[in-house]
1. Are any of the residues in the stretch 145-152 more than 24 Å from the chain's Cα centre (by Cα), at pLDDT 95 or above and in a loop (DSSP other than H, G, I, E, B)?
2. Return the residues of the stretch 372-397 that are surrounded by fewer than 24 Cβ atoms within 10 Å (Cβ to Cβ) and not in a loop (DSSP other than H, G, I, E, B); say none if nothing qualifies.
3. If I ask for residues that are in a loop (DSSP other than H, G, I, E, B) and within 23 Å of residue 162 (Cβ to Cβ), which ones from the stretch 318-366 would you list?
4. Taking only pairs six or more apart or across chains, which ones have beta-carbon atoms under 9 Å, a first residue in the stretch 369-392 that is without any contact (Cβ under 8 Å) to a residue 40 or more places away in the chain and at positive phi, and a second residue that is surrounded by fewer than 24 Cβ atoms within 10 Å (Cβ to Cβ) and part of a helix (DSSP H, G or I)?
5. Could you list, in sequence order, all residues of the stretch 71-100 that are in contact with a helix residue (DSSP H, G or I) (Cβ under 7 Å, 6 or more places away or on another chain), assigned to a helix (DSSP H, G or I) and in contact (Cβ under 8 Å) with a residue 60 or more places away in the chain?
6. Touching a residue at least 24 places away in the same chain (Cβ under 8 Å), out of contact with any helix residue (DSSP H, G or I) (no Cβ under 7 Å at 6 or more places or on another chain) and at negative phi: which single residue out of 316, 336 fits that description?
7. Kindly establish whether residue 279 is in contact with a helix residue (DSSP H, G or I) (Cβ under 6 Å, 6 or more places away or on another chain), farther than 22 Å from residue 342 by Cβ and either at pLDDT 95 or above or crowded, with 20+ Cβ neighbours inside 10 Å (or both).
8. Restricted to the stretch 6-45, and to residues that are buried (at least 19 other Cβ atoms within 10 Å of the Cβ) and farther than 23 Å from residue 210 by Cβ, which residue is modelled with the lowest pLDDT?
């Protein structure tokens, strides 16, 4: 295992504050809120935490996957009371949107286009538009669809549940193993529910994640199979049951980043710093594996930033993976030499739910909260996620505040 030099804190991008909403299943407590209504109270929380006036914010970068056009970042900036002059960038890399928004914010800061940026993701799945393709001619009817294509060749664009089920079967990840992983996530989330309130900005009267629940192995075993491989006997051995799939959800998360010069000007004290990001492509047939590729790239970049060799996942005391499937979490741990107990210390996406464009940013807020509770200056943390079409994203951060 590579050892960090004592008091070795490379110069990164200061992170001043962070917060997230509670996560609630589609149709639940947050179902009446649009994206900007999810995000505006969070943005105002960040201003309050840093005592910054609205005019200090140069740009908002927001990840969103289901908004079907428009500019959710602009809606958020105006709804939160930022000045008309504030720039607003909305990005859609599906599940990776929240982490990619943070990487884009870093680019604005490093290139001198901004001094203070708020970045993250928001997804109002309950309020997402109904989608249809426009007819090619007068004889056709509009065609409704739930998901767009993520690869031009249909043979390379499988249903994501089916892809995960096929992977589970081909790699011998039994239903029981998947459910054991999912039960650990729910158990940890329930145990930590009260402590998580410090990172959450309450919305619609909800101040905690609504989805985590008490599950037993026997109860999980009685739940129906949702997807299974054709080579599996009706999912009896390797099928995906409901607890092993992250539920559709609403939620948001935002972070405030700044340049060192802005910190000096506004007398801000960084609590953590961004060190590196990675956004990569992988095989679209198995999108769940893209988080592994992103993490491997991220660790290589971490080597360069930290000026050390062979930084490994074992060196990171805080690892947050948005696990859309239990299969994904198990594959991630196997590839990186980790045990499931070493990631998502207070429950992952399986216990929270999956507000697509916000999930990566929520994982990063969770990572920073883990580092904060440990109080170890110089400690490293990582958030990672995979997205539809075979893309992955990861972010490496370091705790500074003693």
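The values are calculated or read from the model by the stated rules, or taken from the named source; none is laboratory data. For clarity, every value in this text was computed on a predicted model and none was experimentally measured. Heads up, the Cβs are rebuilt from the backbone with ideal geometry, glycines too, and the neighbour counts pull from every protein chain shown.
1. Let us first name the residues in the stretch 145-152 that are more than 24 Å from the chain's Cα centre (by Cα), namely 145, 152.
From the residues that got through so far, the ones that are at pLDDT 95 or above too are 152.
Checking the rest, the ones that are also in a loop (DSSP other than H, G, I, E, B) come to 152.
Among the residues of the stretch 145-152, at least one is more than 24 Å from the chain's Cα centre (by Cα), at pLDDT 95 or above and in a loop (DSSP other than H, G, I, E, B), which makes the answer yes.
2. Looking only at the stretch 372-397, we keep the residues that are surrounded by fewer than 24 Cβ atoms within 10 Å (Cβ to Cβ), and these are 372-380, 388-390.
Once the filter is applied, which keeps residues that are surrounded by fewer than 24 Cβ atoms within 10 Å (Cβ to Cβ) and not in a loop (DSSP other than H, G, I, E, B), the stretch 372-397 yields 372, 373, 374, 380.
3. So the first thing to find is which residues in the stretch 318-366 are in a loop (DSSP other than H, G, I, E, B), and the list is 322-324, 337-339, 343-348, 353, 355.
Listed by number, the residues that qualify are 322, 323, 324, 348, 353, 355.
4. Pairs that qualify, where the first residue is without any contact (Cβ under 8 Å) to a residue 40 or more places away in the chain and at positive phi and the partner is surrounded by fewer than 24 Cβ atoms within 10 Å (Cβ to Cβ) and part of a helix (DSSP H, G or I): there are none.
5. Within the stretch 71-100, 94, 95, 96, 97, 98, 99 qualify.
6. Working: 336 fails: out of contact with any helix residue (DSSP H, G or I) (no Cβ under 7 Å at 6 or more places or on another chain).
That would be 316, the only listed residue that is touching a residue at least 24 places away in the same chain (Cβ under 8 Å), out of contact with any helix residue (DSSP H, G or I) (no Cβ under 7 Å at 6 or more places or on another chain) and at negative phi.
7. On the way: in contact with a helix residue (DSSP H, G or I) (Cβ under 6 Å, 6 or more places away or on another chain): yes; farther than 22 Å from residue 342 by Cβ: yes; either at pLDDT 95 or above or crowded, with 20+ Cβ neighbours inside 10 Å (or both): yes.
Yes, satisfied.
8. 12
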